[in-house]
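K.L.:
Right, I'll just put the structure down here and ask away after.
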Amino acid sequence: MTSIAAPTGRDRIGGYLTGLAFNGAVGLMRLLGIGLSSGIGGHLAGAIGPLLPVSRVARGNLTLAFPDMDRQQQKRIVRGAWNNLGRVIGEFSHLRKMECTPAGPGWEISGQEHIDAAQKNGLPPLFFSAHLGNWEMILPIAGALGLPVGGVYRASSNPVIERLIQRLRSEAGPGTRMFPKGARGARDIIGHLSAGGTLGLLVDQKMNDGIAVPFFGQTAWTAPALAQLATRFERNIVPIHVVRIGKARFRLVCEPALDFTTTGERTADQLSIMKAVNAHLEGWIRAEPQQWLWFHRRWPKTVVSSTAHREMAA
């Protein structure tokens, strides 16, 4: 068994100073205003990000998803994805001020009627989305709509940064909840849904112990939690995603609930539902490829490596 060394005093001091620096950066972005902080974040990330090693992951993913795409298109999308990520970071400290507005910084909604139509037995549907546009806007918008939505997050290893991030999210989405990944979070989610709450899940990242579901024509290990919760709690599932449509301006797009029936065969039902989910994700990404987070290893390394090998041999 490998032992994990306890953090040293130097580690703790370094973590604390990093947290203070992050806190200072958040304060600076608030002083700059949302338009300027979004623009600066996008410009810096768009200039520096394509030079970082992780951009190779993005280019490998693009080759797999769009095998006919040329290198120049890949470069434009990678740069655009970095620009979008930088803007998400720059906008994060302003989430609480983002409101439904007719124009300018803020958000609008399309298809809100699908949320009401998807209620089942008087309970709200479950929601799924992706790391697309500014995904951090989902909970603030849900809070503004009065939906008792919860989200799932991976906690930061830095406690100072973690407290600040969760405070900003809590301020931005009153009435919403965040559940940490893991056993405790899972128990809290069950209680939240049992009490009539609902859940919004970002389902576009790889889960190593998930189920194999096609995504852009390749096997992608996919978390089945959405399908499991929908069948257990007899909820409909509504696809939603945030699209960046202007300078610090977003549209939350709500679509009709998924059309699925359960057979009682758990594995088959989960696969059927998650196939429909991945098909929606693929459609959104094809429409706005520069707004998706391409830097995550969505497919197994063996799939990406074989695709890259075929490209080099061609």
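The values are calculated or read from the model by the stated rules, or taken from the named source; none is laboratory data. Computed from a predicted structure; not experimentally measured. Glycine also receives a Cβ, built like all others from the backbone with ideal geometry; neighbour counts cover every protein chain displayed. Quick note on the areas: whole protein, heavy atoms, side chains included, nothing else; ligands and nucleic acids left out. Shrake-Rupley method; radii C 1.70, N 1.55, O 1.52, S 1.80 Å.
K.L.:
Here is a list: L28, L36. Which entry is surrounded by 13 or more Cβ atoms within 10 Å (Cβ to Cβ), at pLDDT below 95 and aliphatic (A, V, I, L, M)?
P.N.:
On the way: L28 fails: surrounded by 13 or more Cβ atoms within 10 Å (Cβ to Cβ).
So the residue among L28, L36 that is surrounded by 13 or more Cβ atoms within 10 Å (Cβ to Cβ), at pLDDT below 95 and aliphatic (A, V, I, L, M) is L36.
K.L.:
Give region 162-179 a look and list any residue that's part of a helix (DSSP H, G or I) and loosely packed, with under 15 Cβ neighbours inside 10 Å, or say none. Steps first, please.
P.N.:
Filtering region 162-179 for residues part of a helix (DSSP H, G or I) gives 162-172.
The answer is R163, R167, E171.
K.L.:
For the subset of region 180-205 comprising residues that are open to solvent by 60 Å² or more (accessible area, probe 1.4 Å) and charged (D, E, K, R), which member is nearest to K120 (Cα to Cα)? Even if it seems obvious, please write down each step before you answer.
P.N.:
Here is the first cut: in region 180-205, the residues open to solvent by 60 Å² or more (accessible area, probe 1.4 Å) are 181, 183-184, 187, 194-195, 202, 205.
Restricting the remaining residues to those that are charged (D, E, K, R) gives 181, 184, 187.
Values: K181: 27, R184: 27, R187: 23 Å.
Within region 180-205, the match that is nearest to K120 (Cα to Cα) is R187.
K.L.:
If you don't mind, there's one more thing I want to ask. Can you say whether V203 is under 23 Å from I273 (Cα atoms), touching a Lys or Arg at 6+ places or on another chain (Cβ under 8 Å) and at pLDDT 95 or above, as far as the supplied structure shows?
P.N.:
Values: under 23 Å from I273 (Cα atoms): yes; touching a Lys or Arg at 6+ places or on another chain (Cβ under 8 Å): no; at pLDDT 95 or above: yes.
In short, no.
K.L.:
Also, quick follow-up: Quick test of your reading of the structure: F127 fulfils all but one of (1) open to solvent by less than 20 Å² (accessible area, probe 1.4 Å); (2) within 23 Å of A287 (Cα to Cα); (3) assigned to a helix (DSSP H, G or I). Name the failing condition by number.
P.N.:
(3)
K.L.:
Residues in region 60-78 that are in a helix (DSSP H, G or I), without any contact (Cβ under 8 Å) to a residue 60 or more places away in the chain and open to solvent by 40 Å² or more (accessible area, probe 1.4 Å): how many?
P.N.:
Narrowing region 60-78 to residues in a helix (DSSP H, G or I): 60-65, 71-78.
Keeping just the survivors that are without any contact (Cβ under 8 Å) to a residue 60 or more places away in the chain gives 71-75.
Subsequent filtering for residues that are open to solvent by 40 Å² or more (accessible area, probe 1.4 Å) retains 71-73, 75.
Residues flagged as in a helix (DSSP H, G or I), without any contact (Cβ under 8 Å) to a residue 60 or more places away in the chain and open to solvent by 40 Å² or more (accessible area, probe 1.4 Å) within region 60-78 amount to 4.
K.L.:
Then there's this: Quick check: is even one residue across region 98-119 open to solvent by 30 Å² or more (accessible area, probe 1.4 Å), closer than 20 Å to A257 by Cβ and touching a helix residue (DSSP H, G or I) at 6+ places or on another chain (Cβ under 9 Å)?
P.N.:
Initially, region 98-119 is screened for residues open to solvent by 30 Å² or more (accessible area, probe 1.4 Å), giving 99-105, 108-110, 112-114, 116-117, 119.
Now narrow it down to the ones that are closer than 20 Å to A257 by Cβ: 109-110, 112-114, 116-117, 119.
Imposing the further condition that a residue be touching a helix residue (DSSP H, G or I) at 6+ places or on another chain (Cβ under 9 Å) reduces the set to 109, 112.
Yes, because at least one residue in region 98-119 is open to solvent by 30 Å² or more (accessible area, probe 1.4 Å), closer than 20 Å to A257 by Cβ and touching a helix residue (DSSP H, G or I) at 6+ places or on another chain (Cβ under 9 Å).
K.L.:
Taking I285 as the residue in question, decide whether it is modelled with pLDDT of 95 or more, under 29 Å from T63 (Cα atoms), open to solvent by 30 Å² or more (accessible area, probe 1.4 Å) and among the β-branched types (V, I, T). Working first, answer last.
P.N.:
Values: modelled with pLDDT of 95 or more: yes; under 29 Å from T63 (Cα atoms): yes; open to solvent by 30 Å² or more (accessible area, probe 1.4 Å): no; among the β-branched types (V, I, T): yes.
In short, no.
K.L.:
Could you please give the count of residues in region 188-236 that are part of a loop (DSSP other than H, G, I, E, B), without any contact (Cβ under 8 Å) to a residue 40 or more places away in the chain and among the acidic types (D, E)?
P.N.:
Total meeting the criteria: 1.
Matching residues to (1) among the polar types (S, T, N, Q); (2) under 18 Å from the mean Cα position of the chain (by Cα); (3) on the phi < 0 side of the Ramachandran plot:
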{"site": "L51", "(1), (2), (3)": "no, no, yes"}
{"site": "R56", "(1), (2), (3)": "no, no, yes"}
{"site": "G60", "(1), (2), (3)": "no, no, yes"}
{"site": "P67", "(1), (2), (3)": "no, no, yes"}
{"site": "V88", "(1), (2), (3)": "no, yes, yes"}
{"site": "G111", "(1), (2), (3)": "no, no, no"}
{"site": "D116", "(1), (2), (3)": "no, no, yes"}
{"site": "L123", "(1), (2), (3)": "no, no, yes"}
{"site": "N134", "(1), (2), (3)": "yes, yes, yes"}
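K.L.:
Considering only residues of region 79-97 that are among the charged types (D, E, K, R) and open to solvent by 30 Å² or more (accessible area, probe 1.4 Å), which is nearest to K247 (Cα to Cα)?
P.N.:
The first filter runs over region 79-97 and keeps only residues among the charged types (D, E, K, R), leaving 79, 87, 91, 96-97.
If we keep only those that are open to solvent by 30 Å² or more (accessible area, probe 1.4 Å) too, we end up with 79, 87, 96-97.
On the way: R79: 17, R87: 9, R96: 17, K97: 15 Å.
The selected residue is R87.
K.L.:
Considering only residues that are of a type outside the set (A, V, I, L, M, F, W, C) and open to solvent by less than 40 Å² (accessible area, probe 1.4 Å), look in region 256-281 and name the one that is nearest to C100 (Cα to Cα). Before the answer, list the steps.
P.N.:
Within region 256-281, the first condition is being of a type outside the set (A, V, I, L, M, F, W, C), and the residues that meet it are 256, 259, 261-267, 269-270, 272, 275, 278, 280.
Now narrow it down to the ones that are open to solvent by less than 40 Å² (accessible area, probe 1.4 Å): 269-270, 278.
Details: D269: 37, Q270: 35, N278: 29 Å.
Per the criteria, the residue is N278.
K.L.:
Still on this structure: Go through region 213-254 and give me each residue that's of a type in the set (D, E, K, R), out of contact with any Phe, Trp or Tyr (no Cβ under 9 Å at 6 or more places or on another chain) and buried (at least 20 other Cβ atoms within 10 Å of the Cβ). Before you say what the answer is, go through the steps one by one.
P.N.:
In the first step, residues of region 213-254 are kept if they are of a type in the set (D, E, K, R); the result is 232, 234-235, 244, 247, 249, 251.
With the extra rule that they be out of contact with any Phe, Trp or Tyr (no Cβ under 9 Å at 6 or more places or on another chain), the set shrinks to 232, 234-235, 247.
Of everything in region 213-254, just one residue is of a type in the set (D, E, K, R), out of contact with any Phe, Trp or Tyr (no Cβ under 9 Å at 6 or more places or on another chain) and buried (at least 20 other Cβ atoms within 10 Å of the Cβ), namely R235.
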